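Read the structure below first, then the notes.
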């Protein structure tokens, strides 16, 4: 393996999108603006199980100061927040709709996100529905596809290595004695 080519650390390896699609649905400036200005994130498919990715991501975002609204029709409360069966039931403004559901469910979720006037839809890693992303864009929403909101937040706030993993190799923090 040629380690000098840079392919080992190439962040583009983490997506199935073409370069043109990455430019459209994974624009770093759009991601930065969304994360900087969003206050409320509805997490569709937020699990009650602490070991599930959706729960870990939502917990992280909550710790980072975002208001998390769980969307799970089988739960009353998750992470100390009232859970709602769908986006239309949420009584407050939503900035980002973070999707942790199969791609087959994305069209209905995007329709609801448009209906509630969310500012953006965010399809987590490996959740790809480009026609729904285009529909969101045409309705004036931002659309992020095949990216983890936790990794992107950590990457842009300096908590994660640029490749999306916390290497803990370089840090300004002193080690506890």
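Worth pointing out:
- Our estimate of slack between residue 37 and residue 16, defined as 0.36 nm per intervening residue step minus the Cα-Cα distance, is 4.8 nm.
- Given their separation in residues at 0.36 nm each and the Cα-Cα distance between them, residue 67 and residue 53 gain 3.3 nm when the chain is fully extended.
- Multiplying the residue separation of residue 105 and residue 117 by 0.36 nm and subtracting their alpha-carbon distance yields 2.4 nm.
- Residue exposure sequence - 18, 48 - by fewest surrounding Cβ within 10 Å: 18, 48
- Residue 76-residue 28 FRET efficiency (beta carbon distance; Förster radius 41 Å; 0.05 resolution): 0.65
- Extent along principal axes [Cα atoms of segment 14-149; Å; largest to smallest]: 40, 29, 29
Every number here is computed from the coordinates shown, using simple stated rules; none is lab data. Note that the structure is predicted; figures quoted are calculated from it, not measured. No Cβ is skipped: glycine too gets one built from the backbone with ideal geometry, and neighbour counts run over all protein chains shown.
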